[in-house]
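Below is one structure, written out as structure tokens; the observations come after it.
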Amino acid sequence: MTTVEPKTFLKDSVAFPFCKGCGHHHYVHNLDRALSSLQLDPKKVCIVSDIGCIGILDSLFISPHTFHTTHGRSTAFATGVELADGILNDSKLKTVVVIGDGGATIGLLHVVNAALMNVDVTVLVANNMLYGMTGGQNSGFSPLEFITPTTPEGNIVPPMDICAMIKSCGAEYVTSISATDKNLTTVIADAIAHPGFALVEIVELCTEFAIGKNKIDGKTIQTMADQHNAATLPTTFKRKEFCEEYKSKVLGRPLKIKNDALTQKYISSLRGSRRWVIAGTAGEKVQLSSYLLMRAGILCGLHATQKNDNPVTQGSGFSLSEVVLSADDIYYTGIDVPDVVIISSAEGLKEVTVNGTLSRSNNQTVIIMEDSLPEILTPAKMYRVPLRSLCTPQRATTSAVAAFIANELMIPLEAMIDSIQMHVGEKVALYEEDIKKILPLLS
Amino acid sequence: MSTPLIKIRTGNQMIAEGALHAGCQFFAGYPITPASGIYKSMIEELPKHNGVAISSPDEISALAYCIGASARGAKAMTATSGPGWSLMIETVQYALMTELPVVIAVVQRLGPSTGGATQGAQGDILLTEYCTSGAYTIPIFAPSTAEECFEVTSLAMFWAEELRTPVIVLSDKEIGMMSEDVDFDSLVSSPINYRRQPNNDTTNVYKTYDFKSLADIPLFSPVGGENKATITGSAHDKGGSLQKNSPETIEVLRHLQIKITSRAGEMAFVKTDDDPNADTLIISFGITARTAREAVKRAREQGMHVRLVNVISLFPIPETLLKKAAEGVHTVFVAEENLTGQYRSVIQHLFTGKLVIGINSFGKMITPNDILECTTL
């Protein structure tokens, strides 16, 4: 029986750039030992780091892939690597995120989301309770009463417990450990081997900034790690590792080709363009009526554009569409002078007033407006039709569009009926009834 | 005669179609009006083509996921609008520095800040181009129709892979959210390519950022691949080792710019509606280029001699083509929907000795009459 001698992933004889006594020495050596103990192919390991003292460890590794990213974002980059690896390549790359407490503070959402997704990324948080590289400023992990250059009276904001937070995301492997703990190699190796998201908080001392003004030593650190481990697991979610979940539930969704290609079936006598504004109330199929009009135009070989407008909230207030039909290519997609305006409700009337449609109308414009709305002063040719009571609010604009077409004869009514039937099937008969009722009112 | 295959599509949907056609394998998105249609289309379509399309918790994550996936070898894309673009700027700089290809569709809306979510604008030209520390040239392509959304996205994917760099598709609310008839038989696309990779037979040690001349594109080997990748956003030598300002590092930083600008001629892309006797040139792009085309049609009916240039490749600035277009004209109009004439401000130096006039609108589309009134003065 032969035993494989664990091989270091580190460069030979490179001095670590860390301060004397800094916990990062333990962190790097134990990460290396953990990778070695797992006997991983270095080509199947990617170390993703970011900004801060611990982030420069990428330069110490010789064989695994290294990916040195922006401050606090390493977990997000690692998530992208892992998604592409696990779903598109299926190569079982081990992605390890190296991040400090500063990075975990600014990039907390990335850690939270990776944990929620249960993506196969291992996050090793080097928690030395401050920003060491920039002068020892307090981080989101600094304990209460902790003295730093930016908390000279002692920190008055409690620290976040990353373990408790990430456990609440349903992460299955979360633990806190002192950087000097003899089990650190095993803990890191177990975290990396875990098939899914794992987080290890490695509590350390910054010898440059943490000690001196603070009463802090190995015992304090052990207590902190114990407290963080004591947090119970409040939530568990039953799910597989994200890539496995995605492959089984989403990937390879059947390729349903949407057969919505249109070919010319009818002939229009329209020359130039016809510009429509259709306005009403959200939820009353205003934009649908415009789509059906556009489709009818295309069935006649016309070019068409449709723009919709609504308030920021989509299900209340006005709904407005602008449709241009043209025998020629449509270059300008706006409407200076509308040819046809259909107004089915008070919200619609208010909007065409506010957006200038009415003031831009002239004596060539035709307006079909719901009968119950107040009189408006306009040079346009006005038809007052009780659209809402004749056709119901839901059919009002579509039936008004169809009736105008039937009256004008530039586009065959069959094209519009074709569109309506495509959408509502047999109920097209209701619209045909509506058109019969509206037509006499347009003469 | 064959019947054309017409479908009703928005510009946003056609950006998604263009990305799929180009072989996009990865999309991460975060909702924002007016770009959400791209996100929705990619979520619907990409998994059917064995690609990954996922939701992210913010725009920073969206782009970081894409760049992580790109580092693993995937052709990646995301989409956003002004407020989301602001959040992505740190990460797009990272993509540029690490030479990781990605396409970002920026669908402009009215700013500043959260501005007008459903109000069109062309006000992010300079914000998009000059977002990097050092003002590196980022290729930007601007579509003016739904069909061009397809064409330009395919082109952006091509150049992103070809140059190992982020490339922007700069659309706007009007083009993104408007539906129009699209003839699928007449769509134009670029060749489908993939970043060049090292030949693994070589005995040379792979260097992540190696090049001989400044314009060369380093060969790409993914994390998880056979060659050790050493990726860093910090100033680095050709091997990816962090350096302060060694001559080699400065050379790498210059290479990031030269590899783009040395190909400005190849990337230059304008569509010209010519009149050989033109005495007036109108330059425009995006939604306003369409309006300008209508204005030019009407101007010619009035006997005017006008040339129109629709600039598709906004950056690198197609200097030679623009200078050539201005030959023989006395006045150059630049029409764009923003307050200060952003594109005009970076191209007007090309037209020495000519009158350069901006046609601008703010908070509303420029109309054909706006252009006619200016050009007939």
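Among the residues of the range A:263-297, write down those that are facing another protein chain (nearest Cβ under 9 Å) and surrounded by fewer than 22 Cβ atoms within 10 Å (Cβ to Cβ).
A:Thr263, A:Gln264, A:Tyr291
Taking the conditions exactly as written (more than 18 Å from B:Gly123 (Cα to Cα), more than 14 Å from every other protein chain (Cβ to nearest Cβ) and either in contact (Cβ under 8 Å) with a residue 12 or more places away in the chain or assigned to a loop (DSSP other than H, G, I, E, B) (or both)), does B:Gly358 satisfy them or not?
no
Among the listed residues A:Lys215, A:Lys249, identify the single one that is free of Cβ contacts under 8 Å to residues at least 12 places away in the same chain and more than 27 Å from the chain's Cα centre (by Cα).
Residue meeting the stated conditions: A:Lys215.
Take A:Asp12 and tell me if it is part of a helix (DSSP H, G or I) and among the acidic types (Asp, Glu).
In short, no.
Anything in the range B:230-248 that is away from chain A (no Cβ under 14 Å) and closer than 19 Å to B:Lys212 by Cβ? List them, or say none.
Answer for the range B:230-248, where residues must be away from chain A (no Cβ under 14 Å) and closer than 19 Å to B:Lys212 by Cβ: B:Lys238, B:Ser246, B:Pro247, B:Glu248.
Given the conditions (1) in contact with a strand residue (DSSP E or B) (Cβ under 8 Å, 6 or more places away or on another chain); (2) more than 30 Å from B:Val296 (Cβ to Cβ); (3) among the aliphatic types (A, V, I, L, M); (4) crowded, with 22+ Cβ neighbours inside 10 Å, report the number of the one that A:Ile411 does not fulfil.
(2)
When the range A:176-200 is examined, which residues are found to be among the β-branched types (Val, Ile, Thr) and in contact with a Leu (Cβ under 8 Å, 6 or more places away or on another chain)?
Selection gives A:Ile177, A:Ile188, A:Ile192, A:Val200.
What number of residues within the range B:1-44 satisfy the criterion of being of a type in the set (Asp, Glu) and facing another protein chain (nearest Cβ under 9 Å)?
1
As an exercise: evaluate B:Thr118 against (1) more than 13 Å from the chain's Cα centre (by Cα); (2) modelled with pLDDT of 95 or more; (3) within 14 Å of another protein chain (Cβ to nearest Cβ) and give the number of the one condition it does not meet.
The failed condition is (2).
Taking the range B:308-348 as the region of interest, how many residues are more than 16 Å from B:Gly358 (Cα to Cα) and touching a residue at least 24 places away in the same chain (Cβ under 8 Å)?
Residues meeting the conditions: 13.
Kindly establish whether B:Asn193 is within 14 Å of chain A (Cβ to nearest Cβ) and either assigned to a strand (DSSP E or B) or among the polar types (S, T, N, Q) (or both).
Answer is no for this residue.
Name the strands (runs of 3 or more DSSP E) wholly within the range A:330-443 that hold at least 1 residues that are at pLDDT 95 or above, among the β-branched types (Val, Ile, Thr) and within 30 Å of B:Ile371 (Cβ to Cβ)?
So the answer is A:340-343, A:366-370.
When the range A:143-171 is examined, which residues are found to be of a type outside the set (Val, Ile, Thr), touching a helix residue (DSSP H, G or I) at 6+ places or on another chain (Cβ under 8 Å) and either under 22 Å from A:Ile56 (Cβ atoms) or buried (at least 22 other Cβ atoms within 10 Å of the Cβ) (or both)?
Scanning the range A:143-171 gives A:Cys163, A:Ala171.
Touching a His at 6+ places or on another chain (Cβ under 6 Å) and either of a type outside the set (Ser, Thr, Tyr) or not assigned by TED's automatic domain parsing to the domain that holds A:Leu373 (or both), is that true of A:Ile335?
Judged against the criteria, A:Ile335 is not a match.
The values are calculated or read from the model by the stated rules, or taken from the named source; none is laboratory data. Just so it is clear, the structure is predicted and the values come from calculations on it, not from any experiment. Glycine also receives a Cβ, built like all others from the backbone with ideal geometry; neighbour counts cover every protein chain displayed.
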